[in-house]
Amino acid sequence: MTPVNNQKVTEYAEQVIETVSSWPEITTGNGRFNSTTFQIEGRDIGHVHSWGPVDIGYPQPLRNQLVAEKHTEKHHVVPDSNATTFHIEAADDVEQAIVLLRLSYLYQILVLQKRGDGDAELTAIDVNDELAGMEMSEDIRTIFEDIRS
């Protein structure tokens, strides 16, 4: 990558950070290896490194399905974990990184809703409607339904 491309990737990562930071109840922090972390109610959503990798943890069935459908890849350092890595390399990758982080966010909201935790803004989020709007596969929607029940 040329220095100009490195600068662009950093700008793309900043776009992801700006969007995800605006979601209800998201808190950000400084993570390891020059990353910005995202949490909701103390629960990890994922993190973005300034040079492009986006690392996100999911429950195993969701992680496996996302990898199988080629939405993301196994984690670049710990491939046998529940984590995935998506690389932001171009402007077109920004939206996919946001979608992947939104899936993790929706999973965490679903867990909070199931427990009866979270504020009114979080409990009002309709996970099924969001998944439908994201045009996720039936397999992914089924995984979310299994988590809900």
Inside the stretch 1-22, can you point out the residues that are modelled with pLDDT of 95 or more and of a type in the set (Lys, Arg)?
none
Just the residues that are touching a helix residue (DSSP H, G or I) at 6+ places or on another chain (Cβ under 7 Å), at pLDDT 95 or above and of a type in the set (Asp, Glu), please, taken from the stretch 86-125.
ASP93
Subset of the stretch 105-139, residues part of a helix (DSSP H, G or I), of a type outside the set (Val, Ile, Thr) and either in contact (Cβ under 8 Å) with a residue 60 or more places away in the chain or at positive phi (or both), comes to TYR105, GLN108, LEU112, GLU121, LEU122, ASP139
Within the stretch 7-85, strands (runs of 3 or more DSSP E) holding 1 or more residues that are loosely packed, with under 14 Cβ neighbours inside 10 Å and either of a type outside the set (Lys, Arg) or touching a Leu at 6+ places or on another chain (Cβ under 9 Å) (or both)
26-31
Return the residues of the stretch 97-120 that are in contact with a Ser or Thr (Cβ under 8 Å, 6 or more places away or on another chain) and not hydrophobic (A, V, I, L, M, F, W, C); say none if nothing qualifies.
GLN113
Can you name every residue in the stretch 32-55 that is out of contact with any His (no Cβ under 8 Å at 6 or more places or on another chain) and β-branched (Val, Ile, Thr)?
ILE40, ILE45, VAL48
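The values are calculated or read from the model by the stated rules, or taken from the named source; none is laboratory data. Source: prediction; values computed, not measured. No Cβ is skipped: glycine too gets one built from the backbone with ideal geometry, and neighbour counts run over all protein chains shown.
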